[in-house]
């Protein structure tokens, strides 16, 4: 059973999503937040497995709410997944979502079946992006942060290869297979990259790499 919390202020959208979630036997809808501040409070109350988070929430937007939720549960070593729902694509939102460790970013209006599958995949640890978000995100690599680009000189060739793969969504096991390294060796390389670039985790590394133009 996947415990899900919904954060959505549009009543029509809220009703549609509630109907979908309650029909799926593997889902348990634990609560509904109508704004970002309430989303953070209810997340702390319920510790859901996954939050469906509207990006345009009042009082506190969905990304800032996500940041607070992620920081709160990370400090307690609890993994709460956050799947962002947005009505439109925005470069800044996508980049921020990566910095804030969002587990998925979807545009509203997708088929019910796809939403259910996406929730299950996100719960299982896959990072899920809407096709448009993915394609647009790739185009952001054409423009890079010069300071971050310059800092890549701190990395050796193998570390740079690994950062490129992380920036393209590869998991440790996939990096291991692609580079013919053991997963333990990959983890050691990632630890070194984290230290050199002064970032906290692989999701932040992915955002760093994209901003650096990888």
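The values are calculated or read from the model by the stated rules, or taken from the named source; none is laboratory data. The structure displayed is predicted, hence computed values, not measured ones. As a convention, Cβ positions derive from the backbone with ideal geometry for all residues, glycine included, and neighbour counts pool all protein chains shown.
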query: Are any residues in the range 1-13 out of contact with any strand residue (DSSP E or B) (no Cβ under 6 Å at 6 or more places or on another chain) and farther than 19 Å from residue 63 by Cβ, and if so, which ones?
result: 11, 12
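Any residue that is in a loop (DSSP other than H, G, I, E, B) and farther than 23 Å from residue 121 by Cβ - is there at least one of those in the range 11-33? Explain how you work it out, then say what you get.
Applying the first criterion (in a loop (DSSP other than H, G, I, E, B)) to the range 11-33 yields 24-26.
Checking which are farther than 23 Å from residue 121 by Cβ leaves us with none.
Checked against the condition, which is being in a loop (DSSP other than H, G, I, E, B) and farther than 23 Å from residue 121 by Cβ, the range 11-33 yields no hits at all.
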message: Looking only at the range 161-200, count every residue that is modelled with pLDDT of 85 or more, under 19 Å from the mean Cα position of the chain (by Cα) and not in a helix (DSSP H, G or I) and tell me the total.
response: 2
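Here's the yes/no breakdown for (1) farther than 26 Å from residue 210 by Cβ; (2) buried (at least 17 other Cβ atoms within 10 Å of the Cβ):
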residue: 17; (1), (2): yes, yes
residue: 23; (1), (2): yes, no
residue: 41; (1), (2): yes, no
residue: 51; (1), (2): no, yes
residue: 59; (1), (2): yes, no
residue: 65; (1), (2): no, yes
residue: 102; (1), (2): no, yes
